[in-house]
1. Scan region 57-85 and report the pairs whose first residue is open to solvent by less than 70 Å² (accessible area, probe 1.4 Å) and whose second residue is part of a loop (DSSP other than H, G, I, E, B), with Cβ atoms within less than 7 Å and a gap of 6+ or a chain change.
2. Say whether the condition of being of a type in the set (Asp, Glu) and within 10 Å of the chain's Cα centre (by Cα) is met by at least one residue in region 1-13.
3. When you look at TYR58, is it at pLDDT 95 or above, in contact with a Leu (Cβ under 7 Å, 6 or more places away or on another chain) and in a strand (DSSP E or B), yes or no?
4. Where residues in region 1-56 are farther than 13 Å from HIS77 by Cβ, among the hydrophobic types (A, V, I, L, M, F, W, C) and touching a residue at least 40 places away in the same chain (Cβ under 8 Å), which of them is surrounded by the fewest Cβ atoms within 10 Å (Cβ to Cβ)?
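The values are calculated or read from the model by the stated rules, or taken from the named source; none is laboratory data. Because the structure is predicted, anything quoted here is derived from the model rather than measured. All Cβ positions, glycine included, derive from the backbone under ideal geometry; neighbour counts span all protein chains shown. Surface areas here come from the heavy atoms of the whole protein model, side chains and all, with no ligands, DNA or RNA. Shrake-Rupley method; radii C 1.70, N 1.55, O 1.52, S 1.80 Å.
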Amino acid sequence: GIPAAADLTGSPRVGVWIDRNGFLRQELTADGRYDETRGGRPHAYQGRYWIDGDRIDYLDDLGFWAYGEFHGDELHHAGYVMKLG
């Protein structure tokens, strides 16, 4: 089964992550949901996420999985490097 999302209230990883060029914006919310804007297209991807150590796993509402990794104050996902905006 799919695990329940943890309450991430107060987590330093919650917020809007933005890549260097502003193409990708990913909002991680405290209730374990994400909302991604790509190339100015709002809500391009939405779904749930889980953080385990420095790894983040995503389950998109369309049913596919993706992952990323935190490296210090950066989030690496799908070839992008993001920082909290």
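1. Short answer, once both residue conditions are applied: LEU59/ILE2; ALA66/ALA78; PHE70/ARG13; PHE70/ASP54; VAL81/ARG20.
2. Scanning region 1-13, I find no residue that is of a type in the set (Asp, Glu) and within 10 Å of the chain's Cα centre (by Cα), so the answer is no.
3. No, not satisfied.
4. ILE2
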